[in-house]
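> The structure under discussion is supplied below as structure tokens; questions concerning it will follow.
What follows draws every value from the coordinates through simple rules; no lab data is involved. Predicted, not measured: the structure shown is a model, and the values here were computed from it. Cβ: placed from backbone, ideal geometry, glycine included. Neighbour counts: every protein chain shown.
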Amino acid sequence: MDQSSDKASPGEVVLEERRASVRAIVVSLVIWFAIIFVVGVIILVQINASIALLLALLLSLFPLLSFINWVMFRMIIDSEKIQVVRTFIFRNKESLEFNKIEGVDIQQGPFGRAFDYGRLTISGVGIKQLRTEPIDHPDQVAQSIRALIAQR
């Protein structure tokens, strides 16, 4: 991959490109809005409306940050390496070549198992690790990464 762009160079073949899971974002939004609603109702009943509104606005920042993470994350698997790209104000590119990967771990919570999304942690030689945002079908992605490692 060319360091100046996120696109594959002419000789490289992008095998897969993944964005963060839409399911994970929807589940986290539903959970956060339920929390905001419950806390807002409790505070509204106990104290007053202005404090409840202020707290609801403050709590609504968390789903907004989740949405920004979703928009700004990409994982690219090409014929040579895995690359994780995060872009917000600055671009952060991390890559790990297949011949340096030691393991692929999957982290899924109860909602992740129910809706089939989770994070991957790809461990490399030394202390190098790539950690993804929640992606759809992490078992299939981990299996395809392990198959590509076995081909090396």
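> Once the principal axes of the Cα atoms of the stretch 26-65 are found, what is the range along each, listed largest first in whole angstroms?
Per principal axis, max minus min of the Cα coordinates gives 30, 14, 7 Å.
> Contact order normalised by length for the stretch 14-151, with contacts defined as Cα pairs under 8 Å and 6 or more residues apart; what percent is it?
24 percent.
> May I pose another question? Run the dipole for the chain about the Cα centre, Lys and Arg Cβ at +1, Asp and Glu Cβ at -1, nothing else charged, and hand back the magnitude in debye, nearest 20.
Approximately 240 debye in magnitude.
> Consider all pairwise Cα distances in the chain and report the whole-number % of them above 21 Å.
Counting pairs separated by more than 21 Å, the tail of P(r) holds 54 percent.
> Can you find, among 50, 71, 118, the residue farthest towards the positive end of the dipole of the stretch 14-151? Put +1 on the C-beta of Lys and Arg, -1 on that of Asp and Glu.
50
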